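Participant: I am attaching a structure below and will ask some questions about it afterwards.
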Amino acid sequence: MDRRNTTFNLGAIEGIVGTMFSGKSRELLFRGMRAEDYGSVPVYYFKPAVDTRDDNNISSRDGLKKEAIVFKSGKEILEHVHDKPSLILIDEAQFADESLIYAIQLLKNMGHNVVLSGLPLDFRGQPFNIMPQIMALCDYPLKTVYSVCSIEGCHNDGASPQRLRNGEPDSALSPTVIIEGSAENISYEPRCFDHHSVKDIEQYLTERMNNNQ
């Protein structure tokens, strides 16, 4: 049985996962506002420096917004928080480097409640960067949120991030991280597994397989 508190859990790591437009950031922000307004818990908001959208803010599509501390490595998070157990909220965790894996465990051991949101899969449908390790470290069942597939007439969950280049599915040979808005011809939308499409995915998988022999 899931016995977590919905405000604060002493010395725990939690995860919110889902594709874009699913409400991950809203869930994260609501968690922080609940703790601030009703739980009298110190709250810190963080986002990786790679995520350049909306300046230093974490924001949801329905208007919720909080200024965040931008970090380049997990070590920087420890430099910002006090010893008193706090709620530490980290948005877009898939963009962080490997040091975050160790930082959140140190924070947990200090009594902090760390909640991270992120995409479990990249645009290829592959595990996204450090998200598998973060998900494995969570002390409670993951909270998974879904958007609806963007294809007209489809009612399935949009569980896969679809990257489009000039309106067409992008190649799996493209870089993993391209922030929407950083290139005019790149956009993203949620799609179900049936409508998710990636060019050159067989070539990508074959090359990865051969490189790891």
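Participant: Which percent of the Cα-Cα distances in the range 148-211 go past 17 Å? Mind showing how you got there, number by number?
Facilitator: Working: 926 of 2016 pairs.
Tail of the P(r) past 17 Å holds 46 percent of the pairs.
Participant: Still on this structure, I have one more. Starting from the alpha-carbon convex hull of the range 1-45, give the projected area averaged over all orientations, in nm². Kindly include the intermediate steps, with their values, before the conclusion.
Facilitator: Details: hull surface 15.5 nm².
With every direction weighted equally, the projected area is 3.9 nm².
Participant: Compute the relative contact order of the chain as a whole-number percentage, counting only Cα pairs closer than 8 Å that sit 6 or more residues apart in sequence. Walk me through the intermediate numbers first.
Facilitator: Details: 444 pairs, mean separation 51.1, N = 213.
Taking the mean separation of contacting Cα pairs over the length of the chain, I get 24 percent.
Participant: Determine which lysines satisfy two conditions relative to residue 84: a Cα distance under 29 Å, and not lying fewer than 8 residues away in the same chain.
Facilitator: 24, 47, 65, 66, 72, 75, 108, 143
Participant: Just the number, please: percent antiparallel of the DSSP beta bridges in the chain, rounded to the nearest 5. Walk me through the numbers on the way to the answer.
Facilitator: Working: 14 of 34 bridges.
Taking every DSSP beta bridge with both residues in the chain, the antiparallel ones total about 40 percent.
Participant: Okay, helix-only estimate at 222 nm for the chain: each DSSP H run of n ≥ 4 adds -39500 (n - 2.57), divide by all residues, round to 500 deg cm²/dmol; what do you get?
Facilitator: Values: 5 runs with 47 residues, N = 213.
When only DSSP H runs of four or more count, the value is -6500 deg cm²/dmol.
Participant: Lys and Arg at +1, Asp and Glu at -1: add these up for the other residues within a Cβ distance under 9 Å of residue 198 and post the number.
Facilitator: Net charge around residue 198: +1.
Participant: Have a look at 30, 101, 42 and report the one farthest towards the positive end of the charge dipole of the chain, computed about the Cα centre with Cβ charges (Lys/Arg +1, Asp/Glu -1).
Facilitator: Value computed over the given set: 42.
Participant: Ok, one more. What's the exposure ranking of 128, 193, going from fewest to most Cβ atoms within 10 Å? Walk me through the numbers before you get to the answer.
Facilitator: Numbers: 128 22, 193 12.
Listed from fewest to most nearby Cβ atoms, that is 193, 128.
Participant: Of the listed values (i) 1.04; (ii) 1.13; (iii) 1.18, grab the one calculated as Cα Rg over 2.2 N^0.38 Å from the structure here.
Facilitator: Derived directly from the coordinates: (i).
Participant: Still on this model: Could you grab the relative contact order for the range 116-181? Cα pairs under 8 Å, six or more apart, rounded to a whole percent.
Facilitator: Working: 48 pairs, mean separation 19.6, N = 66.
In percent, rounded to a whole number, it is 30.
Participant: Right, something else. Which one of 211, 77, 132 is farthest out on the positive end of the charge dipole of the chain, using unit charges on Cβ (Lys, Arg +1; Asp, Glu -1) and the Cα centre as origin?
Facilitator: Of the options given, the answer is 77.
Participant: Using bins 10 angstrom wide from zero, how does P(r) for the range 1-95 break down, in % of all Cα pairs?
Facilitator: All Cα pairs considered, the percentages come to 15, 50, 32, 3.
Participant: Could I ask something else about it? Net charge around residue 137, counting only other residues with Cβ within less than 14 Å of its Cβ (Lys, Arg = +1; Asp, Glu = -1)?
Facilitator: On the way: positive: 108; negative: 14, 98, 139.
Local charge sum for residue 137: -2.
Participant: Return the loop-located chymotrypsin sites (Phe, Trp or Tyr not before Pro) in the range 21-68 (DSSP other than H, G, I, E, B) with at most 15 other Cβ atoms within 10 Å of their own Cβ; answer none if there are none. Each step should come with its number before you reach the end.
Facilitator: Numbers: sites: 21, 30, 38, 44, 45, 46; in loops: 21.
Sites meeting the loop and neighbour criteria: none at all.
Participant: Between residue 99 and residue 140, what length comes free when the chain is fully extended (0.36 nm per residue of separation minus the Cα-Cα distance, one decimal in nm)?
Facilitator: Numbers: separation 41, 0.36 × 41 = 14.76 nm, distance 2.17 nm.
The span from residue 99 to residue 140 would gain 12.6 nm if fully extended.
Participant: Let me ask something else about it. With a cut-off of 8 Å between alpha carbons and a minimum separation of six or more residues, what is the relative contact order of the range 37-149 in percent? Please report the intermediate quantities before stating the final value.
Facilitator: Numbers: 165 pairs, mean separation 26.7, N = 113.
Normalised by residue count, the contact order of the range 37-149 is 24 percent.
Here, each number is a calculation from the coordinates, and none is a lab measurement. Please read these numbers as outputs of a predicted model, since none were measured by experiment. Don't worry about glycine lacking a Cβ; one is built from the backbone with ideal geometry, like all the others, and counts go over all protein chains shown.
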